[in-house]
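The values are calculated or read from the model by the stated rules, or taken from the named source; none is laboratory data. Keep in mind it's a predicted model, so treat the numbers as computed, not measured. Every residue, glycine as well, gets a Cβ built from its backbone with ideal geometry; the counts of neighbours run over all protein chains shown. Ligands, DNA and RNA are excluded from the accessible area calculation, which covers all protein heavy atoms including side chains. Shrake-Rupley method; radii C 1.70, N 1.55, O 1.52, S 1.80 Å.
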Amino acid sequence: MKKYLISEEGKFYKANLHCHTKVSDGELTPEEMKALYLQNGYSIVAFTDHNHFVTHNDLTDERFLALNGVENAADEVGKPRFYDRCCDVCFIALSRERKLHPLQDENDVKGDGEYAPFVSPYTPEGVNHMIATGVKNGFFATYNHPTWSMENYTRYMAYHGMHAMEIFNYSSAVDGYNEYNPDIYDDKLRAGEKLFCIATDDNHNRAPHSRHWDSFGGFTMIKSPSLCYEDVTSALLKGDFYASRGPIIKALWLDTEDGSIHLECEKAKKIVLTRGGRRCRAIYAEEEGVEYLTEVKCSVNPTDIYFRATVFDENGMTADTNAYYVDSLGIDFSRQIYEE
């Protein structure tokens, strides 16, 4: 019997869950952003301008969904510019009806659409308070670009309660930062943090016709029954999505009879199963006697903490599934033949 880990029902929608417009420090208007991403095969954009929570429900139609969000920062003080660390978190409203900033309540409203500024201190306590407040007020919280932010192990391991982290941030990557972060994701997972992963553009669109153009490099494929706002945000909460820099995953499911994991994809050269310890498994197309992998079957072990899959295409680009903790899958290991 198949247990789908990414929902069988619905359709995959291509999404950018982190972007900036002229509302803050981007170069394009929200309307221009919608047109640009529609032209390039996207159905969903989360508008996450710095500190300004602005709703864009007027941009939503039968082909396009605007998710309402904001990026908030906890900034280190007293350091020279470019040497100050920070922790940036995007908050995406789970309901299109949400009008207030995730870190404010009605008592903070100063006027029509204006809010008292929220400043979170750059401490673990300050960041965790920021995350907890946004989540409590009905937002999906994502931890952003830890390399660009100059966050180290001690810092990011002290943060808790976010829904997801950016395993890849394209804007940081085109600027030269090593912002593909599977190691940080595994650090959090090995510590027991229940966390999804996303890939984003974080686009500002300051360099057209240049390699520094920061759109269309990282995306999240969301499996949803429809393009309805609440259907999509429910899919986010359930983890019905994967993060990609190019490769396409079609399905991910568990065979409850033998405990095997099955992944279906398009044109992969290598697929890696990461399991929380040093027991990784890599499957190569040439070793299977095919030009490309399109489906693989792997097993998990009762000693595995979790598993997640990474799909590599011929250019070395990746697609990453969310992590699934083995003890939550209900596998009967007494009936399974698993790999030692």
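I'm told TYR83 meets every condition in (1) in contact with an Asp or Glu (Cβ under 8 Å, 6 or more places away or on another chain); (2) at pLDDT below 95 except one. Can you identify the failing condition by its number?
(1)
From the list THR318, THR233, THR310, pick out the single residue that is out of contact with any Ser or Thr (no Cβ under 6 Å at 6 or more places or on another chain) and either hydroxyl-bearing (Ser, Thr, Tyr) or open to solvent by 10 Å² or more (accessible area, probe 1.4 Å) (or both).
Going through THR318, THR233, THR310 in turn, just one is out of contact with any Ser or Thr (no Cβ under 6 Å at 6 or more places or on another chain) and either hydroxyl-bearing (Ser, Thr, Tyr) or open to solvent by 10 Å² or more (accessible area, probe 1.4 Å) (or both): THR233.
Cβ-Cβ under 8 Å, sequence separation 6+ or interchain: first residue in region 87-100 and in contact (Cβ under 8 Å) with a residue 60 or more places away in the chain, partner in a strand (DSSP E or B) and among the charged types (D, E, K, R). Which pairs?
ASP88/GLU71; VAL89/GLU71; CYS90/GLU71
For LYS238, work out the one condition from (1) open to solvent by 10 Å² or more (accessible area, probe 1.4 Å); (2) within 30 Å of ARG279 (Cβ to Cβ); (3) among the charged types (D, E, K, R); (4) touching a helix residue (DSSP H, G or I) at 6+ places or on another chain (Cβ under 9 Å) it doesn't fulfil.
Among (1) open to solvent by 10 Å² or more (accessible area, probe 1.4 Å); (2) within 30 Å of ARG279 (Cβ to Cβ); (3) among the charged types (D, E, K, R); (4) touching a helix residue (DSSP H, G or I) at 6+ places or on another chain (Cβ under 9 Å), the lone unmet condition for LYS238 is (4).
Residues in region 45-61: is at least one more than 21 Å from LYS99 (Cβ to Cβ) and open to solvent by less than 40 Å² (accessible area, probe 1.4 Å)?
no
If a residue must be open to solvent by less than 20 Å² (accessible area, probe 1.4 Å), over 17 Å from the mean Cα position of the chain (by Cα) and within 19 Å of VAL89 (Cα to Cα), how many such residues does region 17-44 contain?
2
Right, THR233: in a helix (DSSP H, G or I), on the phi < 0 side of the Ramachandran plot, among the β-branched types (Val, Ile, Thr) and free of Cβ contacts under 8 Å to residues at least 24 places away in the same chain or not?
No, not satisfied.
Considering only residues that are in contact (Cβ under 8 Å) with a residue 40 or more places away in the chain and in a helix (DSSP H, G or I), which ones fall in region 183-229?
Correct list: TYR185, ASP186, LEU189, ARG190, TYR229.
Pick from region 204-229 the residues that are over 15 Å from the mean Cα position of the chain (by Cα), within 14 Å of TYR13 (Cα to Cα) and of a type outside the set (Ser, Thr, Tyr): which of them is least open to solvent (accessible area, probe 1.4 Å)?
It comes out as LEU227.
Which condition number does THR147 fail, the rest of (1) buried (at least 20 other Cβ atoms within 10 Å of the Cβ); (2) closer than 25 Å to TRP213 by Cα; (3) hydroxyl-bearing (Ser, Thr, Tyr) being met?
Condition (1) is where THR147 drops out.
For residues in region 288-306 being among the hydrophobic types (A, V, I, L, M, F, W, C) and at pLDDT 95 or above, which is nearest to LYS238 (Cα to Cα)?
Per the stated criteria, the residue is VAL296.
Can you name the residue in region 321-338 that is open to solvent by less than 60 Å² (accessible area, probe 1.4 Å) and aromatic (Phe, Trp, Tyr) and is also nearest to GLY192 (Cα to Cα) among such residues? Before you say what the answer is, go through the steps one by one.
Residues of region 321-338 that are open to solvent by less than 60 Å² (accessible area, probe 1.4 Å), as a first pass: 321-326, 329, 331, 333, 336.
Add one more test, that the residue is aromatic (Phe, Trp, Tyr), and what stays is 324-325, 333.
On the way: TYR324: 11, TYR325: 9, PHE333: 21 Å.
Across region 321-338, the extreme among qualifying residues is TYR325.
Which residue is least open to solvent (accessible area, probe 1.4 Å), if the candidates are limited to region 86-101 and must be at pLDDT below 95 and within 21 Å of ASN128 (Cα to Cα)?
Among residues in region 86-101 that are at pLDDT below 95 and within 21 Å of ASN128 (Cα to Cα), the one least open to solvent (accessible area, probe 1.4 Å) is HIS101.
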